[in-house]
Amino acid sequence: MKRAVPQRALWLATAAAILVAGSILLSNFLRNADRGLVCSFPPVFSHISSGSSGDVKGELAEALLYYVTTPQIPQQSRAEIQLTFDVLRRRSPCNFLVFGLGRDSQMWAALNAGGTTVFLEEDKEWYELVLKDNPFLRAHYVKYRTRLDEADKLLKGYRAEPECRPGQADGIAGLQHNGGCPLALVGLPQEIYEREWDVVMIDAPKGYFPSAPGRMAAIYSAAVMGRGRRGEGETDVFLHDVDRKVEKAFGLEFLCQKNRVGATGRLWHFRIPKARPNETTSGTTFC
């Protein structure tokens, strides 16, 4: 639904300011930073029309042009976007995994200019529609094994499943070949398992009707990825729509209140530490 013109004008001004500032900051960062510290894996080339993933100014210019000329605006509020932008400003260029394609996808890719941003989308029709207008986005169509109306059962029953427990399910092995855990995301594109994800945004899949996949598996898998991180450092995870029961409950269960470092509007920011080899847990909970 379109919003009033004054609000759209405000958004365009804000987007322009963020993107211009981001261009300056990221350009300076790329010139001056120690490349060995900014990302666990070096960025790879993507099929962006302006050139390689290192063409920072080109990516930002394309995004600015898109938002100036489209009637659509991102789903998140300015304050919510700012929370993620501050982290990307610090960590970019990095590996950024986004659950969901939307009106804000080009913005997220541009704010991680020079890095690798990958989107996962479960709605085939929407996936094709977004990529038709934005063919340079790096995205995959994926399927989920969960249903929203199973959320309570999954939350209460996962502790009884040995394959789902922390320590045994941490890292790639805890996802890629873990069909025994109904919350583990199996069958994803290989690059999702091969990369070390520095920042994760969970803004999908759909979670507002009973047969929708819900975000239970995405939240669980983000926790497993962060705990099983192979390199040093922590994983920044953003969870949107925490005003909803399932997102809030699963976020607290797997991403943990003790790891929450920021919040605004309907967005929570967690910083997931790498699980230590000698870490002791109850064996049944993540927190």
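Residue pairs exceeding 18 angstrom between C-alpha atoms, taken from Lys156/Lys245; Lys245/Lys274; Lys143/Lys274; Lys143/Lys206: Lys245/Lys274; Lys143/Lys274.
Taking all protein chains as shown and a probe of 1.4 angstrom, Leu131 keeps an accessible surface of around 40 Å². Seen through its C-alpha gyration tensor, with square-root eigenvalues sorted a ≥ b ≥ c, the stretch 114-209 comes out oblate because a/c lies at 1.5 or above while a/b is not bigger than b/c. Once the 1.4 Å probe is applied to the protein heavy atoms, the stretch 147-287 comes out at 42 Å² accessible per residue.
The values are calculated or read from the model by the stated rules, or taken from the named source; none is laboratory data. If you're wondering where the values come from, they're calculated on a predicted model, not measured in any experiment. Heads up: the accessible areas ignore ligands, DNA and RNA and are worked out on the full protein's heavy atoms, side chains in. Shrake-Rupley method; radii C 1.70, N 1.55, O 1.52, S 1.80 Å.
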